[in-house]
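**Q** One structure coming up, written as structure tokens, with questions to follow.
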Amino acid sequence: MLNTLKRLITDWQKKSLTRPELAYLFDAPPDEGWQEWVALDCEMSGLNPKKHHFLSIGVVRIKGNVIDTGGGLYLICRPPKMPEADTIVIHGLRPHDVANGLSYEAMLSQVLPFIGNRPIVGFCPQLDLAFLNPLVKAYMGTPLPNPVIDVRTLYQHHTGNRTEGVSHQGLHLNTMLETLEIPNLGSHNAFNDAVMTAMVFLHLR
């Protein structure tokens, strides 16, 4: 039943696609031996997709047990409204940085082929996709069809759901890094966060 529903949703998305050259995004990964993922992280001007804006994205491919940091992407975008100065502490981007950023269309023209049909790995990817998918839909007629893996779920399985009373929503990436003894590369940078997410994923996978 679930597989049938997923297939119907995928078929509907494919019919909604306005850029036929991106049809390969809907190709199913092989049933066996799938060894590539894309770790993704985004920075936004706030947490509300209805009033805040997408600012930057970091994506890095995971090939087997290797994180391809040299081939990753880090792109800063120019939002329709400049973020307030006091939000720099959240996203680490200055007005000058985003004012000279890419348009959303230019960003997607690079990011979508980079992701391809690979599963997406993220820390709380639901929030990132709540900002990214409306842009993707405006660009190609449909949201991203890729499977999505939340490392918080993997972490809870790893700990046997013993997270010292911390809820799934309350988990922080820094907590996972410290517990798993993974180096912290520093926050407020989408590429660093994508790389650290990839390291957590490989440790837990």
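The values are calculated or read from the model by the stated rules, or taken from the named source; none is laboratory data. All figures in this text were calculated on a predicted structure; none of them were measured in a lab. Cβ: placed from backbone, ideal geometry, glycine included. Neighbour counts: every protein chain shown.
**Q** Among the residues of region 56-75, write down those that are buried (at least 19 other Cβ atoms within 10 Å of the Cβ) and either among the small types (Gly, Ala, Ser) or without any contact (Cβ under 8 Å) to a residue 12 or more places away in the chain (or both).
**A** Ser56, Gly58, listed by residue number.
**Q** Looking at region 45-65 only, could you name the residues that are modelled with pLDDT under 95 and within 29 Å of His203 (Cβ to Cβ)?
**A** Correct list: Leu47, Lys63, Gly64, Asn65.
**Q** When only residues in region 76-88 that are touching a residue at least 12 places away in the same chain (Cβ under 8 Å) and of a type in the set (Val, Ile, Thr) count, which is farthest from Met107 (Cα to Cα)?
**A** Filtering first and then ranking leaves Thr87.
**Q** Now for a different question. Confirm whether Leu47 is surrounded by 14 or more Cβ atoms within 10 Å (Cβ to Cβ) and either at positive phi or among the hydrophobic types (A, V, I, L, M, F, W, C) (or both). Steps first, please.
**A** Numbers: surrounded by 14 or more Cβ atoms within 10 Å (Cβ to Cβ): no; either at positive phi or among the hydrophobic types (A, V, I, L, M, F, W, C) (or both): yes.
No, not satisfied.
**Q** Look at region 113-159 and say how many of its residues are among the aromatic types (Phe, Trp, Tyr) and either within 16 Å of Glu21 (Cα to Cα) or in contact with a His (Cβ under 6 Å, 6 or more places away or on another chain) (or both). Write out each step before concluding.
**A** From region 113-159, those among the aromatic types (Phe, Trp, Tyr) are 114, 123, 131, 139, 155; that's our starting set.
From what is left, the residues that are either within 16 Å of Glu21 (Cα to Cα) or in contact with a His (Cβ under 6 Å, 6 or more places away or on another chain) (or both) are 114, 139.
Number of matching residues: 2.
**Q** Does region 48-70 contain any residue that is polar (S, T, N, Q) and over 17 Å from the mean Cα position of the chain (by Cα)? If you could, list the steps in order and put the result at the bottom.
**A** So the first thing to find is which residues in region 48-70 are polar (S, T, N, Q), and the list is 48, 56, 65, 69.
Imposing the further condition that a residue be over 17 Å from the mean Cα position of the chain (by Cα) reduces the set to 65.
Yes; the residues of region 48-70 include at least one that is polar (S, T, N, Q) and over 17 Å from the mean Cα position of the chain (by Cα).
**Q** I'd like the residue in region 1-23 that is at pLDDT below 95 and among the hydroxyl-bearing types (Ser, Thr, Tyr) and, out of all such residues, is nearest to Ala138 (Cα to Cα).
**A** Ser16
**Q** Only one of Thr142, Thr197, Thr159 is hydroxyl-bearing (Ser, Thr, Tyr) and within 29 Å of Ile88 (Cα to Cα). Can you tell me which?
**A** After ruling out the rest, the residue left standing is Thr197.
**Q** Can you tell me how many residues within region 114-137 are free of Cβ contacts under 8 Å to residues at least 24 places away in the same chain and surrounded by fewer than 17 Cβ atoms within 10 Å (Cβ to Cβ)? Don't jump to the end; show me each part of the working.
**A** Quick first cut of region 114-137, residues free of Cβ contacts under 8 Å to residues at least 24 places away in the same chain only: 129, 133, 137.
Among the residues that remain, those that are also surrounded by fewer than 17 Cβ atoms within 10 Å (Cβ to Cβ) are: 133, 137.
So the answer is 2.
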